[in-house]
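Comments concern the structure below.
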Amino acid sequence: MTDETWARIRGLLAGTQPDSIEEGLGLLEAEIDRIGPDEAEALLEIVSPLFYIDTLDHPELVPALDRALSLTARLGDRLIPLLVKRLDAADMKAQWAIAHALGRVGPPAVPPLIKAYESATDTMMHAFILYALGKTRSEEVVRAVPLALEAAASPNIELRDTATRALGKFAESIPPGRLPAELRRRCLERLQENLADEEPSVRAKAVRSMGKLARHGHLTEGERGTLRVICRNLTGEDVSGEWDRAYIVRKEAAEALGWLEPR
């Protein structure tokens, strides 16, 4: 890419108007397949300021941010180490955006993310890595299931919440029969334990993830029947007269019931 093109893209992406940013991203997209390894880091430098966009304050920039994440992911292997390193950014908005970009990279991102998780000591770093893995559409995420199982029992609410959600996201990507029996058993046990969590958000994600295990063919008929009983109890549909007092838990249980009708 010529210096003139770099300068024009940089100037357009530094603006605040959606049209200018979209024009800059369009120019970048036209050049992206010709970007060499030495230019990948420079591309990240000019795109990454978009990761700090507060989409609540600027909803008009959501399409631009989404496009920027997809363009970043297209560079794949060339940017994975840089993106993983930037997951440790101080700004949470940027961390969520980078996690999304890594998820869109796909299978090549799984081993580096697992390695980063195993070497990290910060709880929030663990949470963002699990979030990124949950966004990765690849059966390779089965390798991350043990990490999520351990994290789903963490005393830290953010990590426990993210890991409980990740177990369900992994179920979406792992084909039926490819989740080892022992891991499947441990997933069910951990999610059932998290149904008793003191935090409603964790309970809601636990029942959602159990529903995804059912929806994506990871449960036996007997396990589906047990989950139906659990969900009816949570929604108050059974004769016990008990239900979960948190609306978000009842809502997730009601949705899970839709996937649990006898087949």
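The values are calculated or read from the model by the stated rules, or taken from the named source; none is laboratory data. All of these numbers come straight from a predicted model, not from anything done at the bench. Here the Cβ is made from the backbone with ideal geometry for all residues, glycine too, and neighbour counts use every protein chain on show.
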Would you check if V110 is crowded, with 18+ Cβ neighbours inside 10 Å and in contact with a Phe, Trp or Tyr (Cβ under 7 Å, 6 or more places away or on another chain)?
no
In segment 204-263, what residues are at pLDDT 90 or above, outside any helix (DSSP H, G or I), crowded, with 17+ Cβ neighbours inside 10 Å and of a type outside the set (A, V, I, L, M, F, W, C)?
H216, H218
When only residues in segment 1-52 that are surrounded by 12 or more Cβ atoms within 10 Å (Cβ to Cβ) and among the charged types (D, E, K, R) count, which is farthest from I98 (Cα to Cα)?
R8
Starting from segment 62-75, take each residue that is under 12 Å from H100 (Cα atoms) and list its partners that are not in a helix (DSSP H, G or I), counting only C-beta distances under 6 angstrom and pairs at least six apart or across chains.
L65/I53
If I filter segment 65-88 for residues that are aliphatic (A, V, I, L, M), surrounded by fewer than 20 Cβ atoms within 10 Å (Cβ to Cβ) and farther than 28 Å from E172 by Cβ, do I get at least one hit?
no
Would you say A153 is outside any helix (DSSP H, G or I), under 27 Å from D88 (Cα atoms) and either touching a Cys at 6+ places or on another chain (Cβ under 7 Å) or in contact (Cβ under 8 Å) with a residue 12 or more places away in the chain (or both)?
yes
Would you point out which residue out of E22, E41, E45 is more than 19 Å from L83 (Cα to Cα) and out of contact with any Phe, Trp or Tyr (no Cβ under 9 Å at 6 or more places or on another chain)?
E22
Which residues, counting only those in segment 182-201, are within 18 Å of the chain's Cα centre (by Cα) and buried (at least 22 other Cβ atoms within 10 Å of the Cβ)?
C187, L191
Residue ID - nearest to the chain's Cα centre (by Cα), chosen from residues in segment 145-162 that are under 21 Å from V105 (Cβ atoms) and crowded, with 24+ Cβ neighbours inside 10 Å:
T162
What residue, of R215, R228, is of a type outside the set (A, V, I, L, M) and more than 24 Å from the chain's Cα centre (by Cα)?
R228
Whichever residue in segment 96-144 is of a type outside the set (K, R) and not in a helix (DSSP H, G or I) and, among such residues, is farthest from the chain's Cα centre (by Cα):
T121
